[in-house]
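Only one structure is covered here, and it is reproduced in the block below.
The values are calculated or read from the model by the stated rules, or taken from the named source; none is laboratory data. Model, not experiment: these values are computed from the prediction. Every residue, glycine among them, receives a Cβ derived from its backbone with ideal geometry; neighbour counts consider all protein chains shown. Note: areas computed on protein heavy atoms with side chains; ligands, DNA, RNA excluded. Shrake-Rupley method; radii C 1.70, N 1.55, O 1.52, S 1.80 Å.
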Amino acid sequence: DVTGQTERDLLAHWFTGDNALPLLILRDDAPVGFALVERASVGGRPQFRLTEFFVHRRLRRAGVGGAAAELIFTRFGGDWLVSESTRNGAAVAFWRRVI
């Protein structure tokens, strides 16, 4: 609880915040993951931050995550911030391939 908000408040932000973009990742019309994107504008130029990105374990390394990331980056043109924990070697490798 670093920000002083409860988990419930943080979750609600993703569905009520003006700058919050909760995205569902689908494969054959079935949900297989999600992405949480925050939108901002600096000097009139759109900026986005990918705060969470998840693809179901059984579909990892099957191209689903890369295709979803490409679609998200294309759909929301502007500057992007994507970060990952260096302790998560799989995430680091994934984002190095995708970006």
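Within region 9-68, restricting attention to residues that are part of a helix (DSSP H, G or I) and open to solvent by 80 Å² or more (accessible area, probe 1.4 Å), which residue is nearest to Phe94 (Cα to Cα)?
By that ranking, first place goes to Arg57.
Is at least one residue of region 73-90 in contact (Cβ under 8 Å) with a residue 40 or more places away in the chain and closer than 19 Å to Leu21 by Cβ?
Yes: one or more hits.
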